[in-house]
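Asks: A single structure is presented below for examination.
We did not get these values from a lab; they are worked out from the coordinates using the rules stated. Given the structure is predicted, the values throughout are model-derived calculations rather than measurements. We place every Cβ from the backbone using ideal geometry, glycine too, and count neighbours over all the protein chains shown.
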Amino acid sequence: MDTTPTADGMVSLISRRSLHEELAARLRDMITEGALPAGKKIPERELCEKFGVSRTPLREALKVLASEGLVNLNQNRGAVVASLTRADLEEVFPIMGSLEALSGSLACARMSDSDIKAVETLHRQMVKSFEEGDRPTYFKLNQEIHRAILVGSGNQTLVAMHQMLAGRIHRARYMANDNPSRWRAAVDEHERILAALQERDGPRLAIVLSDHLRNKLASVMRNFSAE
C-alpha cells in the first residue's frame, strides 16, 4: 500500500490493486472543485509528492481522466485540465438530459422499493449538506442519486452512453450551484425528483429530470456571461 498525507496530517492508505483508479477519483474531485483550474498544466511531480506515488500510476489516472474529457494529454506540454466551452456544453447537456429522462422513466417501473428507499436516504443526506453549506459533499451525494436512478433503469446500454459523456460536463454540474438561489432551486427540483420516483410516475420524472439538466445548463451559461 502507498500512504497519502491528508490536510490534518493524518495518513490515508491507497490500495495498490486500484491505485490509479483511486488517484483518478481524487484528481477528478480536484478538477471539479477548482483546485486544478481549467487550462492549467497538471503538476505531475507535485502531485506524486502529495499522494506519495510514482509517475506510473499517476499517468494511468490521467489517461482515465482524458478518456472522460476532463484532461487533455499533449506530448509536448504534458497533461492539461480541459477547458469548458459553450459549444461543448450546449451540445452535451441536452443529450444528457434526454438520457437521464429516459433513465427516470425506466427506473420508476424497474427499481425495487428498497432501491427507492436508498435514494430517499441519499436525498435526506444531500439536503443536510445543503443546509450546512457543504458543496463538495452535497455534490457527491447528488451524483450518487443520479447514478442510482440511472442504474435503476436496468438498461446497460443507457448506462454506458451516459458514462461516456458524463465526464465532459462533470465540472459544469458542480459549477451550476455557484449561485445560492440556483442551489436552493436545485434542491427543490430534487424534492420533485424524489416525489415522482416514490410515486413511480415515469412520465413526470422524465420531465423533471430533463428540466433539471436544462436549468443547470442555463446556470452555467450565466456564469460564462458573467466572466
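Asks: Enter the angle in degrees (range 0 to 90, nearest 10) between the Cα long axis of helix 113-131 and the first principal axis of the Cα atoms of the chain, meaning the one along which they spread out most.
Replies: That works out to roughly 60 degrees.
Asks: Could I ask something else about it? Counting only other residues whose beta carbon sits under 9 Å from that of Ile169, what net charge do I get with K and R as +1, D and E as -1? If you can, show how the numbers build up before the last one.
Replies: Details: positive: Arg168, Arg171, Arg173, Lys216; negative: Asp88.
Overall, the nearby charge balance is +3.
Asks: Another question, then. Test of understanding: ordering Ile207, Ile193 by Cβ neighbours within 10 Å, fewest first, what list do you get? Numbers along the way, then the final one.
Replies: On the way: Ile207 16, Ile193 23.
With the sparsest Cβ surroundings first, the list reads Ile207, Ile193.
Asks: Same structure, new question: Assuming 0.36 nm per residue, please report the length gained on full extension of the stretch Glu46 to Lys128 beyond their Cα-Cα distance. Please report the intermediate quantities before stating the final value.
Replies: Numbers: separation 82, 0.36 × 82 = 29.52 nm, distance 3.47 nm.
Difference between extended and current length: 26.1 nm.
Asks: For Ser18 and Glu90, FRET efficiency with R0 = 30 Å and r from the beta-carbon atoms, rounded to 0.05?
Replies: 0.30
Asks: By the scheme Lys and Arg +1, Asp and Glu -1, what is the net charge of all other residues having a beta-carbon under 9 Å from that of Arg182? Each step should come with its number before you reach the end.
Replies: Values: positive: Arg184, Lys216, Arg222; negative: Asp178.
Overall, the nearby charge balance is +2.
Asks: Within the range 91-105, which residues have the backbone N less than 19 Å from the label spot 7 Å out from Thr157 along Cα→beta-carbon, could you tell me?
Replies: Answer for the range 91-105: 95-105.
Asks: If you don't mind, there's one more thing I want to ask. Return the lysines within reach of Lys50: Cα separation strictly under 23 angstrom, same-chain partners fewer than 8 residues apart disregarded; answer none if there are no such residues.
Replies: Partners found: Lys40, Lys41, Lys63, Lys140.
Asks: How far, in nm, would the chain grow between Ala35 and Ala109 when pulled straight, counting 0.36 nm per residue and subtracting the alpha carbon separation? Can you show the working numbers first?
Replies: Numbers: separation 74, 0.36 × 74 = 26.64 nm, distance 4.02 nm.
Separation in residues times 0.36 nm, less the Cα-Cα distance, equals 22.6 nm.
Asks: Sticking with this structure for a sec: So if each residue of separation counts as 0.36 nm, and I subtract the Cα-Cα distance between Ser181 and Asn76, what length gain in nm does that give?
Replies: On the way: separation 105, 0.36 × 105 = 37.80 nm, distance 4.28 nm.
Contour length minus the Cα-Cα distance gives 33.5 nm.
Asks: Determine, for Thr137, Thr157, Thr56, the number of other Cβ atoms within 10 Å of each Cβ, and report the residues in order from fewest to most.
Replies: Working: Thr137 15, Thr157 8, Thr56 11.
Least to most surrounded, the residues fall as Thr157, Thr56, Thr137.
Asks: Which one of Ala186, Ala87, Ala206 has the biggest mean-square fluctuation once the chain is modelled by GNM with Cα springs under 10 Å?
Replies: Checking each option, the largest mean-square fluctuation is seen for Ala87.
Asks: Between the range 119-152 and the range 177-227, what is the C-alpha centre distance in whole Å?
Replies: Result: 13 Å between the Cα centres.
Asks: In nm, to one decimal, how far is the modelled label at Met221 from the one at Ser54, with both set 7 Å along Cα→Cβ?
Replies: 4.9 nm
Asks: Moving on to the next point. Could you give the angle, 0 to 90 degrees to the nearest 10, between helix 156-175's Cα long axis and the longest principal axis of the Cα atoms of the chain?
Replies: 70 degrees
Asks: Also, quick follow-up: Comparing Lys216, Lys41, Lys50, which has the greatest mean-square fluctuation in the GNM of the chain with Cα pairs linked when under 10 Å apart?
Replies: In this elastic network of the chain, the residue with the biggest mean-square fluctuation among Lys216, Lys41, Lys50 is Lys50.
Asks: First select every other residue whose beta carbon is under 15 angstrom from the beta carbon of Gln125; then total the charges, Lys and Arg +1, Asp and Glu -1. Could the numbers behind the result be given before it?
Replies: Working: positive: Lys117, Arg124, Lys128, Arg135, Lys140, Arg147; negative: Glu120, Glu131, Glu132, Asp134, Glu144, Glu191.
It works out to a net charge of 0.
Asks: Here's another thing I want to ask about it. Using +1 on the beta carbon of Lys and Arg, -1 on that of Asp and Glu, and nothing else charged, what's the dipole of the chain about the Cα centre, debye to 20? Working shown, then result.
Replies: Working: 31 positive and 30 negative charges, 108 e Å.
Dipole magnitude for the chain comes out near 520 debye.
Asks: Relative contact order (percent) for the chain, with alpha-carbon contacts under 8 angstrom and 6 or more residues of separation?
Replies: Details: 266 pairs, mean separation 51.0, N = 227.
Averaging sequence separation for qualifying contacts and normalising by length gives 22 percent for the chain.
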